[in-house]
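Step one of this worksheet: look at the structure below.
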Amino acid sequence: MIRTQVQLTEAQHRRLKSWAQERGISLAEAVRRCVTGHLAGVDAAPSRADRVREVRSILGKYADRAESSDVARRHDEFLDTGYGE
């Protein structure tokens, strides 16, 4: 293992210490688990290139059947519908 030093705010230290105590682990182990968990989430998240590719894949997919030009004003609504959220 590599020894390192970090500085936490009082609130961060308090929460981390409490979290570690609840699990019966050391503060150092709590930091390692938090770092591992965060990095796993970052690795699992789509990259910027993936997100851009996804957005580009829907461009022009939904034709404005009413032939109106309100896409600029309602783009958030259209994207929300396109992403299904």
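Only one of the listed residues (Arg23, Arg53, Arg33) is open to solvent by 50 Å² or more (accessible area, probe 1.4 Å) and under 30 Å from Gly82 (Cβ atoms). That residue is Arg53. Just checking, how many residues over region 8-20 are over 23 Å from the mean Cα position of the chain (by Cα), open to solvent by less than 70 Å² (accessible area, probe 1.4 Å) and farther than 13 Å from Cys34 by Cα? Of the residues in that region, 1 qualify. Taking (1) at pLDDT 80 or above; (2) within 21 Å of the chain's Cα centre (by Cα) in turn, Glu77 satisfies each apart from (2).
The values are calculated or read from the model by the stated rules, or taken from the named source; none is laboratory data. Treat the numbers as computed from the prediction; the structure is a model and nothing was measured. FYI the Cβ positions are ideal-geometry reconstructions off the backbone, even for glycines, and counts take in every protein chain you see. With ligands, DNA and RNA removed, areas are computed over all heavy atoms of the protein, side chains included. Shrake-Rupley method; radii C 1.70, N 1.55, O 1.52, S 1.80 Å.
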